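Worksheet: one structure, shown below.
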Ligand code: SAM
Ligand code: SF4
C-alpha cells in the first residue's frame, strides 16, 4: 500500500469532498488522476454472461433475478469452447480484460465450478486479464480461482450499508464484505463498486463511497454503474440520474482512491460524447465495451467496439495495451 491509499477517510471528509462545487471537484480529481495514472490511457473491458437468469437473489435492479418478471430467458452455463471463442474475438478488438459473469448467489463446489476454472485457465492462456463475477465465494474457492489464473474478481457493495436492504434482502452487506475478505487471502485483485439511481439519498452515496475508500487495501478497480432500468424490476420507474451526479461520484472516487482504476460501467450507452469526456476528466479510466450493444443480458445495453474505438480516437485517448509485465 502506498501513502496515496489512505484508508482512514472520515465520513465528514468524504462529505466535504462530495459537496465541493462540481468543476472545482473535477479539477481536483483531474490532478490526482494525472499524478497516479497516464490520463491518456483507458482500460477496455468486455463482459460476457456465462450463465444467464434464474438467479435466486432478489436484487431489485437485476434482470436476472427469479423474483423479477423481466422476460430474460434463463441459459445454462456456457460451454468452455464458446467462451474461449468470444474471448479471442474480444482480444482481436483490443480488449485487455475479459470478465465472465454468472447469475449465481454463490459458488458451489461442483462440476460447474470446475468448468469455470477451465474457462479461467484458457482465457488467461490467451494473454487477457481474466475477471469473474460469480457471487459469494469461500477462501478455498478464491484460492482455486487464483491457481487457475484469475486476475480479478468483481463483487460490488452496490450502495450504502444503510440503504442495502431496501434493494436486496436475500443477503447482507456483511456477506459481501466477507467475500472480499476471502479474496484478500489470495493475490486476486478486487473490483468493487456499485450503482447510483436506485432511489438512494445523497447521504447514502457519501456513505457508500466512504465504505469503498475505507476498505483496506482499496479495491484495485471501482466500477460506477448508473442504474439501467429494467422493466419488470422494482426499480423500473426509478428517477433519471443526471450527468452531474455521475461525474461527482467518479470524481470523489478518484480523489479517495487515487491508484484504483475507476470504471464507467452500466449506463454509459445513454451518455453523450461530452458527458463521457467529463467522466474521463473527472478521473474515469476504464470502460466496458461489447460485441453487440449488450452488456450482461439482453436487457443491459452497452456501447459496441466500433463506436468506442471512434470515441477514444476523437478524444485523443488510447486503449491500454497489456505488457507482459502487467500479467
Ligand atoms: N451474481 C453476481 C453478483 O451479484 O455479484 C454477478 C453478476 S451481477 C449481474 C454484477 C453486477 O452488475 C451487480 O453487482 C450490479 O452492480 C451490476 N448490475 C446488474 N444489473 C444492473 C442494472 N440493471 N443496472 C446497473 N448495474 C447493474
Ligand atoms: Fe443474481 Fe447477481 Fe442479479 Fe443479484 S445482481 S439477482 S446476485 S445475478
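The values are calculated or read from the model by the stated rules, or taken from the named source; none is laboratory data. All of these numbers come straight from a predicted model, not from anything done at the bench. Here the Cβ is made from the backbone with ideal geometry for all residues, glycine too, and neighbour counts use every protein chain on show.
Residues to consider are 77, 11, 25; find the one that is over 25 Å from residue 248 (Cβ atoms) and either at pLDDT below 90 or touching a helix residue (DSSP H, G or I) at 6+ places or on another chain (Cβ under 6 Å) (or both).
On the way: 11 fails: over 25 Å from residue 248 (Cβ atoms); 25 fails: over 25 Å from residue 248 (Cβ atoms).
Criteria check complete, one pass: 77.
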(message) Going residue by residue through segment 174-182, is there one that turns out to be away from ligand 2 (no atom under 15 Å from the Cβ), over 24 Å from residue 11 (Cβ atoms) and surrounded by 19 or more Cβ atoms within 10 Å (Cβ to Cβ)?
(response) yes
(request) Name the single residue, out of those in segment 116-134 being surrounded by fewer than 20 Cβ atoms within 10 Å (Cβ to Cβ) and part of a loop (DSSP other than H, G, I, E, B), that is farthest from ligand 1 (Cβ to nearest atom). (result) 127
(request) Considering only residues that are touching a residue at least 60 places away in the same chain (Cβ under 8 Å) and not in a loop (DSSP other than H, G, I, E, B), look in segment 69-96 and name the one that is farthest from ligand 2 (Cβ to nearest atom). (result) 89
(message) Six or more apart or on different chains, Cβ atoms under 6 Å: show the pairs whose first residue is in segment 108-135 and more than 10 Å from residue 87 (Cβ to Cβ) and whose second is assigned to a helix (DSSP H, G or I) and more than 15 Å from ligand 1 (Cβ to nearest atom).
(response) 117/148; 118/80; 120/148; 121/148
(request) Exactly one condition in (1) within 22 Å of residue 196 (Cα to Cα); (2) within 16 Å of ligand 2 (Cβ to nearest atom); (3) in contact with a helix residue (DSSP H, G or I) (Cβ under 9 Å, 6 or more places away or on another chain) is not met by residue 64; state its number. (result) (3)
(request) Residue by residue through segment 136-150, note down the ones that are outside any helix (DSSP H, G or I) and surrounded by fewer than 20 Cβ atoms within 10 Å (Cβ to Cβ). (result) 136, 138, 149
(request) Consider only pairs whose beta carbons are under 7 Å apart and that are at least six residues apart or on different chains; among these, list those whose first residue lies in segment 274-302 and is farther than 26 Å from residue 100 by Cβ and more than 16 Å from ligand 2 (Cβ to nearest atom) and whose second residue is at pLDDT 90 or above and in a strand (DSSP E or B). (result) 283/262
(request) Among what's in segment 184-197 and is under 16 Å from the mean Cα position of the chain (by Cα) and not in a strand (DSSP E or B), pick the residue that is farthest from ligand 1 (Cβ to nearest atom). (result) 188
(message) Considering only segment 32-43, I want to know if a residue exists there that is within 16 Å of ligand 2 (Cβ to nearest atom) and either over 24 Å from residue 197 (Cβ atoms) or not in a loop (DSSP other than H, G, I, E, B) (or both).
(response) no
